[in-house]
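A short worksheet on the structure shown next.
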Amino acid sequence: MKAIRVHEFGGPEVLKLEEVPEPKPGAHEVVVQIKAAGVNPVETYQRSGKYPSLPKLPWTPGNDGAGIVHSVGGDVKSVKAGDRVYLAGSSTGTYAEYSLSSESQVHLLPKNVSFAQGAAVGIPYGTAYRGLFQRAKSLPNEIVFINGASGAVGLAAVQLARAYGCLVIGTAGSDKGLSLVQEHGAHYAFNHSAEDLAQRVANICNLRGKQGPDVILEMLANKNLAKDMQMLGRHGRIVVIGNRGSIEVNPRDIMAKDGAILGMSLPTASDVEKSAIYSAIGSALEIGVAKPVVSKEYPLADAAKAQVDVIESSSHGKLVLVP
């Protein structure tokens, strides 16, 4: 089978399309024929060698994917050969024609969701759900501010928060992004570069009798965390989802509000938490609450281009590879 392989850490050019053996399932494992694989920023950090936990080389990137079950181990009960599924994790990587996963990482894909959309579920929706409900413990009628709402995680968070009964404010960097954010459920959408952004958000919160948002989901903490702390409402929670550097902040901005800054990482979720995440997401997909947005599809051979674009371009939704 064909797969992207990394033999040394470095720039996008280290991603090579090669022939490798097709994986075989163990007792509790599933082999999926990949129809689409999701591209996430974390895979670029790992590929560059600048990430706390690095894979053993040679390595095939990819945690998200969707396709058809090819074969299963003898103890697998939840899926069978021929089932449409999406993956929330892979032992061998999803940038490939076939991928090996544990049974717990394989989830049925509803008929109303395409394979490309299925490749946009695992990390984006898992991250959004964990940030909103397991870390921030968002409640209906709370005000949720999503700073960076036009990307895959942001749009997932907009959909889930709106469906849960929150008032949703999102930001984006272009007119197209702003339209997309509102189309998918945000009550308000603002350009994240607007000089009066904090005042606009404050005005909305004041109409609800609040000083600021109850929950802020932050996709670029190294740029925005200090402003988030100033904007946050009393007893509010900031969830740091994305970060690409360091920042200087004034702790008094959070102390005066009895606020909290919460880090989050999807891989650190317990098995029980992950089960809850993907059970909820499965229902949201079935009834159309969760509507994954695919921004662009690339051939598997163009994995390097996709990894450049996921970092450098203003993507509106998910980038996927198609073997």
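The values are calculated or read from the model by the stated rules, or taken from the named source; none is laboratory data. The model shown is predicted, which means the values in this text are computed figures rather than measured ones. Cβ: placed from backbone, ideal geometry, glycine included. Neighbour counts: every protein chain shown.
Here is how the numbers come out for the structure above:
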{"quantity": "Residues of the range 162-171 satisfying the condition of being under 14 Å from ILE281 (Cβ atoms) and in a helix (DSSP H, G or I)", "calculated": "ALA163"}
{"quantity": "Pairs where the first residue, in the range 172-197, is closer than 21 Å to GLN230 by Cβ and assigned to a helix (DSSP H, G or I) and the second is of a type outside the set (A, V, I, L, M, F, W, C) and modelled with pLDDT of 95 or more, C-beta under 9 Å, 6+ apart", "calculated": "LEU197/THR171; LEU197/ASN191; LEU197/LYS227"}
{"quantity": "Among residues of the range 71-104, those that are of a type outside the set (Phe, Trp, Tyr) and without any contact (Cβ under 8 Å) to a residue 40 or more places away in the chain, counted", "calculated": "9"}
{"quantity": "In the range 239-254, residue surrounded by the fewest Cβ atoms within 10 Å (Cβ to Cβ) [restricted to those that are among the polar types (S, T, N, Q) and under 24 Å from the mean Cα position of the chain (by Cα)]", "calculated": "SER246"}
{"quantity": "Some residue of the range 18-31 being aliphatic (A, V, I, L, M), assigned by TED's automatic domain parsing to the domain that holds LEU300 and either under 18 Å from the mean Cα position of the chain (by Cα) or modelled with pLDDT under 95 (or both)", "calculated": "no"}
{"quantity": "Selection status of SER246, more than 30 Å from GLU97 (Cα to Cα), among the small types (Gly, Ala, Ser) and outside the structural domain of VAL113 (by TED's automatic domain parsing)", "calculated": "yes"}
{"quantity": "Output for the range 306-316, where each listed residue is in contact (Cβ under 8 Å) with a residue 12 or more places away in the chain and either touching a Leu at 6+ places or on another chain (Cβ under 6 Å) or part of a helix (DSSP H, G or I) (or both)", "calculated": "ALA306, GLN307, VAL308, ASP309, VAL310, ILE311, HIS316"}
{"quantity": "Filtered residues of the range 285-305 (kept if in a loop (DSSP other than H, G, I, E, B) and closer than 15 Å to GLY122 by Cα)", "calculated": "ALA290, LYS291, PRO292, VAL293"}
{"quantity": "Exclusive hit being free of Cβ contacts under 8 Å to residues at least 40 places away in the same chain and either buried (at least 22 other Cβ atoms within 10 Å of the Cβ) or not acidic (Asp, Glu) (or both), set LYS137, LYS111", "calculated": "LYS111"}
{"quantity": "Residues (modelled with pLDDT of 95 or more and either surrounded by fewer than 19 Cβ atoms within 10 Å (Cβ to Cβ) or farther than 17 Å from ASP64 by Cα (or both)) located in the range 310-323", "calculated": "VAL322"}
{"quantity": "Enumeration of residues in the range 136-191 that are basic (Lys, Arg) and over 23 Å from GLN117 (Cα atoms)", "calculated": "LYS137"}
{"quantity": "Single unsatisfied condition, VAL72 versus (1) farther than 30 Å from ILE311 by Cβ; (2) surrounded by fewer than 22 Cβ atoms within 10 Å (Cβ to Cβ)", "calculated": "(2)"}
{"quantity": "Matching entry among GLU8, GLU13 (being at pLDDT 95 or above, more than 24 Å from the chain's Cα centre (by Cα) and closer than 26 Å to GLY151 by Cα)", "calculated": "GLU13"}
{"quantity": "Flag for GLY236 being surrounded by 12 or more Cβ atoms within 10 Å (Cβ to Cβ), over 22 Å from GLY67 (Cβ atoms) and in contact with a strand residue (DSSP E or B) (Cβ under 8 Å, 6 or more places away or on another chain)", "calculated": "yes"}
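For (1) surrounded by fewer than 17 Cβ atoms within 10 Å (Cβ to Cβ); (2) more than 20 Å from GLY317 (Cβ to Cβ), each residue gets a yes or a no:
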{"position": "LEU167", "(1), (2)": "no, yes"}
{"position": "GLY173", "(1), (2)": "yes, no"}
{"position": "VAL181", "(1), (2)": "no, no"}
{"position": "ALA189", "(1), (2)": "no, no"}
{"position": "SER193", "(1), (2)": "yes, yes"}
{"position": "ALA198", "(1), (2)": "yes, yes"}
{"position": "ARG208", "(1), (2)": "yes, yes"}
{"position": "GLN211", "(1), (2)": "yes, yes"}
